[in-house]
Amino acid sequence: MNSLPSDLERAFQAKIDNEYKIEPKDWMPAGYRKNLIRQISQHAHSEVIGMQPEGHWITRAPSLRRKAVLLAKVQDEAGHGLYLYSATETMGITRAELIDALQTGQAKYASIFNYPTQTWGDIGTVGWLVDGAAICNQVSLQRTSYGPYARSMIRICKEESFHQRQGYQIMMELAKGTPEQKSMAQDSLNRFYWPSLMMFGPHDSESAHSAKSMKWKIKRETNDDLRQKFIDQTVPQIEFLGLEHPDKDLKWNEERGHYDAGEIDWEEFHNVINGNGHCNRQRISHHVAAHEEGAWVRDAQNAYNAKMKARRAEAA
Amino acid sequence: MLDLKEKTKQYSTRLGDDSLILGHRISEWTSNGPFLEEDIALGNVALDYIGRARMFYTYAADLAGNGKTEDDLAYLRSEREFQNYLINELPRGDFAFTMVRQLFVDVFFSYYLKALTNSNDTELAAIATKSLKETRYHLRRSRDWTLRLGLGTDESKARMTKALAEIWGYVHELFEPDELELELIACGIAVDTREIKDNWFADIGAILSEADLAIPDAEWAVRGGRKGYHTEHLSMLLSVMQSVHRAHPGANW
Ligand SMILES: [Fe+2]
Ligand SMILES: [Fe+2]
């Protein structure tokens, strides 16, 4: 469609260009709304599905301190899911509809959570690298053009640094621990390093949603720029742990002032997105099972609230 | 004869066991709650219990004075050594089961901890003071849920009735102090649970009747937690909980 922008559209774009936030009651193009619902709900679902691979280790955390910290961390993620569902609801869609879209596969969640957490080391790398990658993205989204989304990002970012720190602390203990612990750390880094680079999405040249999202300032930095930031910040962290870097082609580029990285295995990326990861089916069926098992509780709560309301009306 | 310090250590350890095992069970709700808000709330309760276990264990380890830590007590004792009340180790069951257990335990702790704040042992009293605040919040929740589920739908009422019948037989041992506790009661250190029994029954009776539920007339009673005589569930729980720690002897985490 190449029709000229309407006055509304021009005013909308001007607002964005001048760094004003778009608020729920403001006029917005249908495409902007659709794009945002897709992105925020995907983000919300990621927080919620991400509880599974980490929750998987709460009962086995090897010290009481780690158990408490991990539990608090996973609980934070549930809270993030809540903020983000609320932010999505400001666009006129209900949580029930969003959950349905997740469970029927219409909505996505971060593909990283389709990788299994096999060892305690994975709780370290997930916090360190997966939350670390998410932070790069979320810091940039604090300036996103949609007000409720930007504000939930600001809230979320405050908690995220604790998540990354707890993951890195796990890695530090492992890296300076017994030979078995150290190899647990290295093995986990090897498995999670590349998938965490994939979290930034395809190259900018391949990304279906990038151009529009940048124009509307839904996204503020491109996939490749954010990924570069993450690659650069991770190098000294790996060095400090005394672990081997999984990218054998990694090289400092003096001219760019950045590391040049080896190529990501995009076939694996698409493969996992398309349902061939270890846990794709498991994550959704777990979510469906918990949701269905909880139906009678939600029904009871609704029935109880209705009864109390009727009782109050009678008394009045 | 054991000296007072040794007895207090054992007492603090079993209080740690109660909290750790129940906290573990509640933590199993992570990502399994009926809705997200409830996942968060249950996570809070689990965290409170794990925090409480850490305080009791740390104190017990201090009293032992042999360089052992809270983690040695949590991870390196076997099912015969754990002395938690049986009610805490029962599998989480459905949401009704979890809430009935919470109601029983929360009412129990609301009296127990209050009494413990008056303990002659100032450290136990301090832990009790901190924990009592949490328990008041827990009890508000479990009471509210008991009302919602008791008065909600036919199904929720049926599930609550079933849960009550399944758990009832485990409450009796809560009010039967063993020899160790009797000695510590005599020293003004431990709580005499016989003295909170009437209040417990009265409160539970009142909450259940408000929720249109009833105390089951079950005759059976199972005992043994304080002696390390556990249900089959505890060894499975410990196998899971201790697996990583025990696979790497002496490691730091
Ligand atoms: Fe998060
Ligand atoms: Fe996080």
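Some points to look at:
- Residue match in region B:78-97 (condition: free of Cβ contacts under 8 Å to residues at least 60 places away in the same chain, open to solvent by less than 40 Å² (accessible area, probe 1.4 Å) and either within 14 Å of another protein chain (Cβ to nearest Cβ) or within 22 Å of B:W200 (Cα to Cα) (or both)): no
- Selection status of B:M160, in contact (Cβ under 8 Å) with a residue 60 or more places away in the chain, buried (at least 19 other Cβ atoms within 10 Å of the Cβ), in contact with a Gly (Cβ under 7 Å, 6 or more places away or on another chain) and part of a helix (DSSP H, G or I): yes
- One residue from A:G121, A:G127 being within 14 Å of another protein chain (Cβ to nearest Cβ), away from ligand 2 (no atom under 13 Å from the Cβ) and either surrounded by 24 or more Cβ atoms within 10 Å (Cβ to Cβ) or at pLDDT 95 or above (or both): A:G121
- Pick from region A:130-145, criterion more than 14 Å from ligand 2 (Cβ to nearest atom) and open to solvent by 10 Å² or more (accessible area, probe 1.4 Å), ranking: farthest from A:I238 (Cα to Cα): A:R143
- Being in contact (Cβ under 8 Å) with a residue 60 or more places away in the chain and within 14 Å of chain B (Cβ to nearest Cβ) is a condition met by at least one residue of region A:188-201.
- Neighbours by Cβ (under 7 Å, 6+ apart or cross-chain): first from region B:231-243, open to solvent by 10 Å² or more (accessible area, probe 1.4 Å); second of a type in the set (D, E, K, R): B:T231/B:E89; B:H233/B:E89; B:S235/B:E79; B:V240/A:R60; B:S243/A:R60
- Reported count of residues in region B:219-252, each being more than 25 Å from B:L180 (Cα to Cα) and of a type in the set (S, T, N, Q), is 4.
- Filtering region A:99-116 to residues that are within 16 Å of ligand 1 (Cβ to nearest atom) and under 30 Å from B:A251 (Cα atoms) leaves A:I112, A:F113.
- Test: residue in region A:209-218 that is hydroxyl-bearing (S, T, Y) and either away from chain B (no Cβ under 14 Å) or crowded, with 18+ Cβ neighbours inside 10 Å (or both): yes
- The residues listed here are A:E77, A:E54, A:E89, A:E97; of these, the one that is within 9 Å of chain B (Cβ to nearest Cβ) and either surrounded by fewer than 23 Cβ atoms within 10 Å (Cβ to Cβ) or within 16 Å of ligand 2 (Cβ to nearest atom) (or both) is A:E54.
- Inter-residue pairs, beta-carbon under 8 Å, first assigned by the TED database to the domain that holds A:I22 and outside any helix (DSSP H, G or I) and in region A:63-88, second more than 16 Å from ligand 2 (Cβ to nearest atom) and not β-branched (V, I, T), 6+ apart: A:S63/B:D71; A:S63/B:Y75; A:S63/B:H245; A:S63/B:W253
- For A:V297, the requirement of being among the β-branched types (V, I, T), within 30 Å of A:M198 (Cα to Cα) and outside the structural domain of A:S111 (by the TED database) is not met.
- Members of region A:59-74 that are within 8 Å of chain B (Cβ to nearest Cβ) and either away from ligand 2 (no atom under 15 Å from the Cβ) or open to solvent by 20 Å² or more (accessible area, probe 1.4 Å) (or both): A:T59, A:R60, A:A61, A:P62, A:S63, A:L64, A:R65, A:R66, A:K67, A:A68, A:A72
- Residues in region A:155-200 that are open to solvent by 30 Å² or more (accessible area, probe 1.4 Å) and within 30 Å of A:Y85 (Cα to Cα): A:R155, A:K158, A:E159, A:S161, A:F162, A:Q164, A:R165, A:Y168, A:W194, A:M199.
The values are calculated or read from the model by the stated rules, or taken from the named source; none is laboratory data. Computed from a predicted structure; not experimentally measured. Quick reminder, even Gly has a Cβ in these numbers, built from the backbone with ideal geometry, and neighbours come from all protein chains shown. Surface areas here come from the heavy atoms of the whole protein model, side chains and all, with no ligands, DNA or RNA. Shrake-Rupley method; radii C 1.70, N 1.55, O 1.52, S 1.80 Å.
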